[in-house]
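Each remark here refers to the structure printed beneath this line.
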Amino acid sequence: MMEHYYSIILAGGVGKRFWPLSRKNNPKQLLDIAGQKSMINLTIDRLLSLSDLDHIYIMTNQDQADLIMRQNNRLTPEHFIIEPSGKNTAPAIGLAAMHILKRDPDAVMGLFPADHLITDTEKFAHTVREAIDAARAQESLFTFGIKPTYPATGYGYIQIQKEEMPGCPHMYRSVTFAEKPNIETARLFIKSGEFLWNSGMFVWRAQVIINKINRYLPDLGACLAEIADSIGTEHYKRVIARKWKTIQPISIDYGVMEQSSQINVMRADFDWSDVGSWDTIYKIEEKDKNKNVMRAKGLLLRSSGNYIYTKKLKVFGLGIKNLIVVESDGALLILPRAQAENIKEIVDSLPLIGEQELL
């Protein structure tokens, strides 16, 4: 295993785009959405190829930590770094870095969302090890770019230079970061050959990311420094509760990555999916001869391109195309696959119509 290396799993989200299956008391990372182990267990298994379990931490809130431990008896409270409330990725990553630095001033940290699906663990581990080795010797930030297989509108993109960095196979300097594009722009990105999917996975020395936060997000850096001084003391809970309230939410991409000139992009050749919506699940699951995914009892006639998932209801469809139908715990969702990214609109509307219990 790699000395001074630590994996951080980012597991704070609820997964609104997987409603009604994903709920506050059963978040996305605890689901076996892809028909295998839960997403969090798949992620832990994958990261054990890089380090022992005591070098793996999970960044989440207290409620989700309790749920995760209930599902996974190999984890203890010491495996968790708790954020008092969601503040997006920059504060969460900064807090994780401070905790790791308290344990190991020479630490290199890798950050991995809990909801990614990667089946080729050997290729994944080889690519991450290359980034870890490079990060040990540099003041740079490293991220992983995935070669696009279709014009996705649900992912961000990274434009890279055309030539590899000298002496560094599969590694490129970044040119720019692009937010989730419309379909026309996504097609142009792919046609150019210069854009990769932004995986949201990172590797860097813990001290380097703190230095970058101090430079580009000085207010956040100052708060994190005060919190860090209290780590391991009886004052920690009081200090983090007080300081965390003052932190403004901001993503690591917007707050640091897009501001920095020292971003190295590892071009990953392992299979990867950010399991971000029901349409993503449709794309990766096995389909019948009519391109339907049927995870329910029932029958579809003259129907194609549908994703059907139910816990109790039997589903019968005639002449339906490209729909998502999901039933779980008293709620039934029906929408075109093309609208899968917009499910949050429904979830955010539930309290307005008195349906908070469905969250």
**OP:** Please report T127, T280, T185, T176 as a ranked list, fewest other C-beta atoms within 10 angstrom at the top and most at the bottom.
**Re:** T176, T185, T127, T280
Original post:
Which helices count as membrane-span-like in the chain under these terms: full DSSP H, at least 15 Å along the axis by C-alpha, Kyte-Doolittle mean of 1.6 or more?
Top reply: none
Original post:
Label points 7 Å out from Cα along the Cβ direction at R136 and E163: separation in nm?
Top reply: 2.8
**OP:** Of the options S7, A225, T121, report the single residue whose Cα projects farthest towards the positive end of the charge dipole of the chain (beta-carbon charges: Lys, Arg +1; Asp, Glu -1).
**Re:** T121
Original post:
Roughly speaking, what is the centre-to-centre gap between the range 288-339 and the range 5-28 when only Cα atoms are used, to the nearest Å?
Top reply: 24
Original post:
Which value, in debye to the nearest 20, gives the size of the charge dipole of the range 5-274 about its Cα centre, when Lys and Arg are +1 and Asp and Glu are -1 at the Cβ?
Top reply: 680
Original post:
Mean separation of Cα pairs under 8 Å and 6+ residues apart, divided by the residue count of the chain: what relative contact order is that in percent?
Top reply: 20
Subject >> Long-range HN-HN contacts of G200 with modeled amide H, under 5 Å >> reply: F144
**OP:** Rank S85, P166, G110 by how far each Cα sits towards the positive end of the charge dipole of the chain (+1 on Lys, Arg Cβ; -1 on Asp, Glu Cβ) and give me just the farthest.
**Re:** S85
**OP:** Given the options P27, P113, P336, state which has the largest fluctuation in a GNM of the chain using a 10 Å cut-off (strictly under) for Cα springs.
**Re:** P336
Original post:
How big is the charge dipole of the range 1-76 about its Cα centre, in debye rounded to the nearest 20, if each Lys and Arg gets +1 on its Cβ and each Asp and Glu gets -1 on its Cβ?
Top reply: 500
Subject >> Separation in nanometres of the label points that stand 7 Å from Cα toward Cβ, at D106 and N72 >> reply: 2.8
**OP:** Please find, in a Gaussian network model of the chain (springs between Cα atoms separated by less than 10 Å), the residue of G319, G221, G12 whose mean-square fluctuation is greatest.
**Re:** G319
**OP:** Could you please rank W19, W244, placing first whichever residue has the fewest other Cβ atoms within 10 Å of its Cβ?
**Re:** W244, W19
Original post:
Hey, quick one: spin label on Q339, modelled 7 Å out along Cα-Cβ, who in the range 258-284 has an amide N within reach, i.e. under 16 Å?
Top reply: 278-279
Subject >> Stretch gain in nm, segment S85-N26, where the contour uses 0.36 nm per residue and the Cα spacing is subtracted >> reply: 19.5 nm
**OP:** Quick one: among M39, M201, M165, which has the greatest mean-square fluctuation in a GNM of the chain with alpha-carbon springs under 10 angstrom?
**Re:** M165
Original post:
Which whole-number percent gives the relative contact order of the range 1-139, counting Cα pairs below 8 Å spaced six or more residues apart?
Top reply: 34
Original post:
Taking only DSSP H segments of four or more residues, each worth -39500 (n - 2.57), what value at 222 nm results for the chain once the sum is divided by all its residues, to the nearest 500 deg cm²/dmol?
Top reply: -9000 deg cm²/dmol
Subject >> K297/Q259 FRET efficiency (R0 56 Å; Cβ-Cβ; nearest 0.05) >> reply: 0.60
**OP:** Just grab the label-to-label distance for K237 and E285, each label 7 Å out from Cα along the Cβ direction, in nm (one decimal).
**Re:** 4.2
**OP:** Compute the relative contact order of the range 58-105 as a whole-number percentage, counting only Cα pairs closer than 8 Å that sit 6 or more residues apart in sequence.
**Re:** 41
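Values in this text are rule-based calculations from the coordinates and carry no lab data. Everything quoted here is computed from the prediction, not taken from an experiment. Please note: Cβ atoms are built from the backbone with ideal geometry, for glycine as well, and neighbour counts cover all protein chains shown.
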